[in-house]
Every structure is written in structure tokens, then in C-alpha cells.
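Trainee: Got a structure for you, written out below as C-alpha cells; questions coming shortly.
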Amino acid sequence: MTPQIESKLPRVGTTIFTVMSALAQECKAVNLGQGFPDFDCDPRLIDAVTDAMRKGLNQYPSMLGVPELRRAISDKIQTLYGRRYDPEGEITVTAGATQAIINAVLAVVRPGDEVIVLEPCYDSYIPNIELAGGTVVRVPLHPGTFRPDFDRIAAAITPRTRMMMVNTPHNPSATVWTREEMLKLQEILEPTQVILLSDEVYEHMVYAPLQHLSVASFPALAERAFVISSFGKTYHVTGWKVAYCAAPPAYTSEYRKVHQFNVFTVNTPVQYGLASYMADPQPYLQLPAFYQRKRDLFRAGLEQTQFKLLPSEGSYFQCARIDGLGVPEKNLSESDFCQWLTREIGVAAIPLSAFYADGFDQRIIRFCFAKKDETLQTALQRLARL
């Protein structure tokens with residue numbers, strides 16, 4: 001008889017991304033649901049990784065990440081945000097940002113600890129906390145605008161609060177925190193023992209006149225924070241799953257204990273290739289203009305429909321309200337509308353309700369515009385029926 005297993009994550013099932021991608025494939029729809037590019041990365045990056053392979057750099061690297069890559073990360077953070085992280089004691093290369101996040105949670109959250117998450121949020125946050133035995137404390141961002149509600153954040157902090165998670169630029173809403181908001185967060189956390197996890201994977205996708213304000217730029221926040229970013233998002237190689245975490249030495253020491261027995265280390269030639277490629281900062285410095293043009297192209301097309309567009313300040317997402325659509329299906333839930341849109345219009349999107357634990361429905365859906373221009377044009381031609 002097969003022994004029974006009691007699930008550690010009984011509420012976790014097939015994700016909405018898997019469901020919608022499968023439906024898009026079935027219906028031959030344009031998939032603007034899942035957040036990844038459909039275009040290739042810079043051939044120079046492929047060449048850099050290939051060169052590393054041919055040089056024989058194919059065995060286990062340092063558990064921390066190859067030194068050249070950690071130094072390049074440190075230099076980049078210092079240049080952009082003014083804080084120097086020691087490559088030896090404060091930077092760890094990880095197997096993607098999702099792994100970077102769970103490392104931080106498992107390193108510091110113990111059973112009974114509370115962790116504040118701002119909803120809507122990336123779908124790994126809550127399962128990570130539950131796997132660590134922590135208690136999830138959900139604080140909603142302001143509906144519609146998705147700005148932080150600092151009164152509710154302050155009220156949620158208790159003596160049991162161990163960590164708070166923030167994400168800017170924000171997935172799924174595409175909002176970007178302001179300097180005033182970062183300073184307010186710093187003020188609220190200053191008298192507490194709360195550790196901050198700052199998810200900054202879309203740091204290089206912030207659109208003029210705004211700029212990304214990393215937690216690393218605010219000394220009183222940086223000294224209590226795990227700061228996480230992703231090469232997959234920045235260099236159009238999401239399948240490579242390489243990211244990093246920067247944190248103070250005491251945090252990094254505990255972080256690496258988890259990392260060592262989680263994945264131990266990360267793909268060697270890819271790390272060397274990334275280190276070489278980072279010698280030229282132009283690919284990430286030019287990324288905002290690259291994606292802003294795609295955003296503007298996509299928004300211009302959507303403005304010819306009945307969708308009501310929300311601001312897209314950062315990331316490669318565009319949210320839109322569906323309650324103004326003059327179609328028979330206008331009263332469907334977000335989730336049902338996305339399925340109808342995929343089947344009948346041939347474009348897949350993601351319901352924002354999927355990013356809330358209780359499925360809060362605001363009549364808003366999310367598109368991803370990290371696609372070839374021709375992909376976006378095909379989607380817009382289909383959406384023009386609306």
C-alpha cells in the first residue's frame with residue numbers, strides 16, 4: 001500500500017499561467033499572458049557563453065557564484081545606486097529570482113513568524129512563506145492605483161513580524177514606487193526588527209520620466225534588506241534561470257546556508273558568459289527605451305478599443321479594465337473573460353484576480369508586451385474587434 005502524503009501546500013494547484021498558456025496553444029491564440037519574450041537575446045551573449053564552454057569552464061563553480069560575475073554585479077549596483085556590496089561577503093548568484101526569494105524566506109522565517117505581502121503579488125511569495133512555517137499577512141495595495149497603503153502597512157506590523165516583501169517595478173500592476181514612498185517605508189520600518197525582501201527583477205524596465213529607486217539606494221533600508229534581481233528579465237533569457245541576491249554580511253551568511261543545500265551552485269559557463277557580457281553596460285542602460293517603444297506601440301493599439309488602460313510605469317506589462325467593453329461577455333469575471341478572449345478573439349491575457357489569495361476581482365486583466373512587433377501587431381488586429 002502506498003503511504004499517504006499530507007500536502008504542505010494543499011491550496012496550490014495548477015497555476016493560471018499554465019492554464020492560459022495551454023489554452024492559448026489549443027486555440028492558436030497570441031499568448032500575451034505569460035511574462036517572457038518571444039524574441040532572441042543578443043548573439044554576443046550566446047557567443048560569450050559558448051566561449052566559456054569551449055574554454056573548459058564546465059565544472060562546478062564556487063557555491064557563491066563565479067568571482068568575475070559577483071564583481072560585475074557589485075560594480076553595477078554601485079554605479080547605478082551608490083552602494084558597494086562586497087562580492088565575497090554580500091552577493092550570491094542564484095538559480096533564478098524565484099529561488100533567490102525562497103532562499104531568503106527559508107533563511108530567516110521560522111514557524112509562527114509573520115510575513116507581510118502586498119497584494120496583488122507574484123505567485124511564489126505566499127507558498128514560500130507557508131513552506132517556511134510562517135504566517136502570511138496580506139495587505140492590499142490601493143485598488144485601481146496599486147499604490148502602497150502605509151496606514152494599513154503600519155497597522156499590520158506586530159512583534160511577530162519577521163519580514164516584509166516589496167516589489168518595484170510591480171508585477172502585475174506595472175507601477176513603480178516613488179522616492180516619497182520609499183522614504184515612508186523607511187520611516188515605518190526604522191523602529192522595528194522587520195527584515196525587508198526587495199524584489200527588483202524589472203529594475204531596468206522603468207519608463208521616462210520615472211527611474212528605478214532600488215532599496216540599495218536607501219542606507220536605512222539596505223541594511224535590513226535582501227535585494228534580488230534577474231539576468232533572465234534583463235537580457236531576454238528567462239530560461240537560463242540566473243539571478244542574484246545582495247544583502248548585508250550577516251544576512252548573506254544565513255542565506256548561503258540555505259542556498260548551499262538547495263541548489264548549491266548555478267550553471268558555470270552561463271555565469272562566465274554573463275560576467276563577460278556585463279563589461280558593456282549599454283544593453284541594460286538601453287533597455288528602458290527598448291521596452292518603452294514596445295509599450296507605446298501596444299498602448300496606441302489598445303486605445304483604439306474599449307479597454308480602459310492603466311498606467312504602465314515599469315516592467316513589461318500593461319493592465320486594462322474590461323468593464324467598458326461593449327460585448328455580451330462584458331459582465332464575465334476576469335478569469336472567465338480571459339478564457340473568452342483567448343477562445344473567441346485569439347489573444348491570451350491573465351486575470352489580475354490570480355495574484356490575490358482570495359481571487360479579488362477588479363475587472364482588470366494583464367497583458368505582456370515583451371514580444372516581437374509583429375506579434376503585438378497581430379494581437380492588436382485581433383483585439384481591434386473589441
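All of the numbers you see were taken from the coordinates with simple rules; none came from a lab. None of the values given here were measured: they were computed from a predicted structure. For neighbour counting, all protein chains shown are included, and Cβ atoms are generated from backbone atoms with ideal geometry for every residue, glycine included.
Trainee: What is the order of 150, 355, fewest Cβ neighbours within 10 Å to most?
Mentor: Neighbour counts put them in this order, fewest first: 150, 355.
Trainee: Sticking with this one: Calculate the spin-label point distance for residue 309 paired with residue 192, positioning each point 7 Å from the Cα along the beta-carbon direction, and give it in nanometres.
Mentor: 3.6 nm
Trainee: Select from 63, 31, 43 the residue farthest towards the positive end of the dipole of the stretch 21-84; place +1 on Cβ of Lys and Arg, -1 on Cβ of Asp and Glu, and compute about the Cα centre.
Mentor: Checked the options; the winner is 63.
Trainee: Something else: How would 145, 94 line up from fewest to most surrounding beta-carbon atoms within 10 angstrom?
Mentor: 145, 94
Trainee: Could you put 26, 254 in order, starting from the residue whose Cβ has the fewest other Cβ atoms within 10 Å?
Mentor: With the sparsest Cβ surroundings first, the list reads 26, 254.
Trainee: Under 24 Å Cα-Cα from residue 76, which lysines qualify once same-chain neighbours fewer than 8 residues away are excluded?
Mentor: 233, 241
Trainee: Name the residue from 154, 359, 218 whose Cα lies farthest towards the positive end of the charge dipole of the chain, charges +1 on Cβ of Lys and Arg and -1 on Cβ of Asp and Glu.
Mentor: 359
Trainee: Quickly estimate the mean residue ellipticity at 222 nm for the chain, helices only: each DSSP H run with n ≥ 4 gives -39500 (n - 2.57), and the total goes over all residues, rounded to 500.
Mentor: It lands at -11000 deg cm²/dmol.
Trainee: Taking a point 7 angstrom from the Cα of residue 47 along the C-beta vector, which residues in the stretch 249-285 have backbone N less than 16 Å away?
Mentor: 273-283
Trainee: Tell me, what ³J(HN,Hα) does each residue in the stretch 29-35 have, in order and in whole Hz, if you take phi through Karplus 6.51 cos²θ - 1.76 cosθ + 1.60 with θ = phi - 60° and put x for Gly and Pro?
Mentor: These are the phi-based 3J(HN,Hα) values: 8, 6, 8, 9, x, 6, x Hz.
Trainee: Determine by what factor the alpha-carbon radius of gyration of the chain differs from 2.2 N^0.38 Å, reporting the quotient.
Mentor: Its radius of gyration relative to the 2.2 N^0.38 Å reference: 0.99.
Trainee: Would you mind telling me the antiparallel percentage of the DSSP bridges in the chain, rounded to 5?
Mentor: Bridges in the chain that DSSP calls antiparallel: roughly 45 percent.
Trainee: At what distance in nm do the modelled label points of residue 299 and residue 63 sit from each other, each positioned 7 Å from its Cα along Cα→Cβ?
Mentor: The modelled label-to-label distance comes out at 4.7 nm.
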